[in-house]
Amino acid sequence: MKVTVGGSLKLAFRPWVEGLEHIPAEGPAILASNHLSFSDSFFLPAVLDRKVTFIAKAEYFNTPGVKGRLTAAFFKGVGQLPVDRSGARGAGEAAIKSGIEVLERGELFGIYPEGTRSPDGRLYRGKPGGLARVALATGAPVIPVAMIDTEKIQPPGKVMPKLMRPGIRIGEPLDFARYQGMEHDRFVLRAVTDEVMYEIMKLSGQEYVDMYATAMKRQIAEAAKAEKEAGKAAKAALAQAEKEQAAKEKEQAAGEQAERDRSAERPDGR
């Protein structure tokens, strides 16, 4: 995949990279990145010599049929790790367990603290569960990463990607050894997450929004739904008004015709 997918991406898009020296040649490390595009999980591993393992929903790996097998092979090849999102706590605990296992093998683990792609290109509040708990449980350094302009390559609704140069900035490793053994303290988890997000913000230059991206997506979806319903209501009101106007004109025309008929029946024509 480094040769095929990675080589093709580098040849076609020529991504620029800053801070490669901060990636250790060996040993475990967590790459904590902002998340602008589906392609983030491809561009970052493409520019690194080492394998990076991200987590992905299990449906990508267990879909039946030829297409399902090809999809599973592709995601395995690019370093995606299946996570079963079923159960009371969903993907959270599964992601933490998977991340710890990757780091215990001395590998690189990639994670998006925002938990989902940014809906508008801004940087959103990091979720304190996965990143901080994995970092404190393993003692692995956290390396902040900023993806630049990847959302412009293939915006929502566009089939063909735009050939342009995205960027990747890699910051200095962050050491949270001072919090070792405190991975169940929610205030510590929040402090660790906020420190990482602050470093990502400095690297990316994004505007920071102190709310979760998932909450913003809900707001956007609700606003779109409300706008759609308002449009339907306005359309229905217009149709009703047109119907009433047509009925009124028809009634008026019938009255005028009746008056003409009565005039024609009178001897004097009046």
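The values are calculated or read from the model by the stated rules, or taken from the named source; none is laboratory data. These numbers come from a predicted model, not from an experiment. Using ideal geometry, Cβ is built from the backbone for each residue, glycine included, and neighbour counts are taken over all protein chains shown. Quick note on the areas: whole protein, heavy atoms, side chains included, nothing else; ligands and nucleic acids left out. Shrake-Rupley method; radii C 1.70, N 1.55, O 1.52, S 1.80 Å.
Just to check your reading of the model, which residue among 186, 218 is farther than 15 Å from residue 130 by Cα, of a type in the set (Lys, Arg), free of Cβ contacts under 8 Å to residues at least 60 places away in the same chain and open to solvent by 60 Å² or more (accessible area, probe 1.4 Å)?
On the way: 186 fails: farther than 15 Å from residue 130 by Cα.
Among 186, 218, only 218 is farther than 15 Å from residue 130 by Cα, of a type in the set (Lys, Arg), free of Cβ contacts under 8 Å to residues at least 60 places away in the same chain and open to solvent by 60 Å² or more (accessible area, probe 1.4 Å).
Of the candidates 197, 211, the single residue that is in a loop (DSSP other than H, G, I, E, B), hydrophobic (A, V, I, L, M, F, W, C) and closer than 30 Å to residue 119 by Cβ is 211.
How about the range 15-67: which of its residues are in a loop (DSSP other than H, G, I, E, B), within 24 Å of residue 195 (Cα to Cα) and more than 16 Å from the chain's Cα centre (by Cα)? Walk me through it before giving the result.
Applying the first criterion (in a loop (DSSP other than H, G, I, E, B)) to the range 15-67 yields 15, 19, 23-28, 34-39, 47-51, 58, 63-64.
Adding the requirement that they be within 24 Å of residue 195 (Cα to Cα) leaves 19, 23-24, 27-28, 34-37.
Passing the criteria: 19, 23, 24, 27, 28.
From the residues in the range 101-115 that are part of a loop (DSSP other than H, G, I, E, B) and open to solvent by 10 Å² or more (accessible area, probe 1.4 Å), which one is modelled with the lowest pLDDT?
Looking at residues that are part of a loop (DSSP other than H, G, I, E, B) and open to solvent by 10 Å² or more (accessible area, probe 1.4 Å), I get 115.
The sole residue among 192, 209, 159 that is surrounded by fewer than 21 Cβ atoms within 10 Å (Cβ to Cβ), hydrophobic (A, V, I, L, M, F, W, C) and touching a Phe, Trp or Tyr at 6+ places or on another chain (Cβ under 8 Å) is 209. In the set (1) surrounded by fewer than 18 Cβ atoms within 10 Å (Cβ to Cβ); (2) in contact with a helix residue (DSSP H, G or I) (Cβ under 7 Å, 6 or more places away or on another chain); (3) farther than 20 Å from residue 22 by Cβ, the condition left unmet by residue 139 is number (3).
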